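The values are calculated or read from the model by the stated rules, or taken from the named source; none is laboratory data. Since the model is a prediction, treat every value here as computed from it, not as a measurement. Here the Cβ positions follow ideal geometry from the backbone for every residue, glycine too, while neighbour counts run over all protein chains shown.
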């Protein structure tokens, strides 16, 4: 009996699912990943052409996953219903990595911290500034994006960071922001922002453990580079200068 298009589509879907369950995404083309996500909410319809069209328009898998819903729906074969899978899976992955970070010690587990921050921040078209608020045992109590857009020295307000930290009764914080260019090398504005944040936090007894700049599969650590320690010493010197050693 000659197979109908719907039977062909169902067989193809089954093969994709079985391939994933046997070996994960190893061996999948990026368009096949998108195709698999589209099938989650597309009953009995071939999604291969729509997946390839989405890849062509947005260039990369990350581009498809990060694309606004409205723009995705402009692609032939993608609509308000089957866009569900494309948006659900990244959101679940981010939640999973966030919870994994919360359950770990991010100060002493850089790999888990970077995995979470890279997934949630890399590939964004705009800069975002995120803060992790930690308790006295370095456990993450909360994470928040506090600022978005071009992060100049005038766009990040230390008082807002301190205010949030005090609301959470945080003992310490970790800062992170992304560079849409993919190059994590800090700018002079990044250095200035970090110095102001360290000074503001230290003035209220809040420890700054780290400031990570997230790039394309790379990051820059202000702690590893010695900047955080140097800024803490600068603050202490300034404090001695203005108090004469009498705090």
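Does region 77-99 contain any residue that is under 30 Å from residue 138 (Cβ atoms), in contact with a strand residue (DSSP E or B) (Cβ under 8 Å, 6 or more places away or on another chain), crowded, with 20+ Cβ neighbours inside 10 Å and not assigned by TED's automatic domain parsing to the domain that holds residue 180? Checking region 77-99: not a single residue is under 30 Å from residue 138 (Cβ atoms), in contact with a strand residue (DSSP E or B) (Cβ under 8 Å, 6 or more places away or on another chain), crowded, with 20+ Cβ neighbours inside 10 Å and not assigned by TED's automatic domain parsing to the domain that holds residue 180. Residues of region 182-195 that are outside any loop (DSSP other than H, G, I, E, B) and surrounded by fewer than 17 Cβ atoms within 10 Å (Cβ to Cβ): 188, 189, 191, 192. Here is a check on your reading of the model: is residue 114 over 24 Å from residue 182 (Cα atoms) and crowded, with 18+ Cβ neighbours inside 10 Å? Answer is no for this residue.
For region 106-113, the count of residues that are at pLDDT 90 or above, part of a helix (DSSP H, G or I), in contact with a helix residue (DSSP H, G or I) (Cβ under 8 Å, 6 or more places away or on another chain) and in the same structural domain as residue 177 (by TED's automatic domain parsing) is zero. Could you identify the single residue in 168, 219 that is in contact (Cβ under 8 Å) with a residue 60 or more places away in the chain and either under 26 Å from residue 99 (Cβ atoms) or out of contact with any strand residue (DSSP E or B) (no Cβ under 9 Å at 6 or more places or on another chain) (or both)? None of the other options fit; the residue is 219. What about residue 132, is it assigned to a helix (DSSP H, G or I) and closer than 29 Å to residue 63 by Cβ? Here the answer is no, as residue 132 does not meet what is asked.
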